[in-house]
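*Asks:* Here's a structure for you.
What follows is calculated from the coordinates using simple rules that are stated; it is not laboratory data. All values derive from a computational prediction rather than experimental measurement. Reconstructed Cβ throughout: ideal geometry from the backbone, glycine too, with neighbour counts over all protein chains shown.
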Amino acid sequence: MKNPDVLLLVVHNLFWTSFGVTLVILRLRYRQAADAPPEAPTSKETHTAGRSRSLLAFHMVAFGLMYFGIFNAVGAQQVPVGFPGQRIVGAIVIGIGAALMSSALTYFRSWRFRARLDQGHQLATGGPFRLMRHPIYMGLNLLALGSAIWVPTAILWIAVVLMVVGSDLRARAEERILEDAFGDTYRDYCRRTRRFIPGIY
């Protein structure tokens with residue numbers, strides 16, 4: 001292949017396709033499913049995190065920088081060689097992120113772009129939520145990290161930092177409204193489950 005790094009765009013397409021297809025299939029299934037089981041805590045009212053639009057915009061800057069860096073390096077065929085096998089390692093990291101996000105959706109009926117809980121929002125604690133409080137954000141972090149491993153440029157590594165900071169800020173904003181909505185149930189969950197990295201953070 002003349003430019004093997006074009007495959008990174010294919011990997012990104014597969015990442016977003018897996019997320020989108022999982023989301024559509026599950027939403028169709030949920031429409032036909034019965035109400036949540038009684039043991040699943042649900043929000044009694046709507047909650048919206050302060051500055052949720054600003055935090056989303058910050059995250060979008062990270063995405064914009066990431067894709068600018070990818071297209072700039074791949075299009076100009078100027079992808080630096082960091083180590084042998086960097087494309088494979090990058091693809092594996094992105095694949096783990098995709099699997100994490102798709103599996104999180106199967107336990108999370110109330111996913112939204114903004115930090116907002118609608119009435120009836122279910123508290124997700126199963127599946128990957130047993131390992132970390134924010135597997136979807138962690139999946140996005142892995143997408144950025146895998147991309148920077150594949151295309152190790154300064155722009156991509158800056159995008160990784162921005163993505164991680166954006167994920168952390170959005171996670172903290174969501175945790176505040178989840179605590180308001182679910183009280184001690186959510187506080188107990190936080191005590192036994194780390195934000196992003198099991199056993200560490």
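*Asks:* Based on the Cβ-Cβ distance from residue 14 to residue 54, what FRET efficiency comes out when R0 is 30 Å, to the nearest 0.05? Write out the running numbers ahead of the final one.
*Replies:* Working: r = 31 Å, r/R0 = 1.02.
With R0 = 30 Å, the Cβ-Cβ based efficiency is 0.45.
*Asks:* Going by how many other Cβ atoms sit within 10 Å of their own, how do 149, 96 line up, fewest first?
*Replies:* Numbers: 149 23, 96 16.
If I rank by nearby Cβ atoms, fewest first, I get 96, 149.
*Asks:* Provide the gained length on full extension for the span residue 185 to residue 7, in nm with one decimal, where the gain is 0.36 nm per separating residue minus the Cα-Cα distance.
*Replies:* Length gained between residue 185 and residue 7: 59.7 nm.
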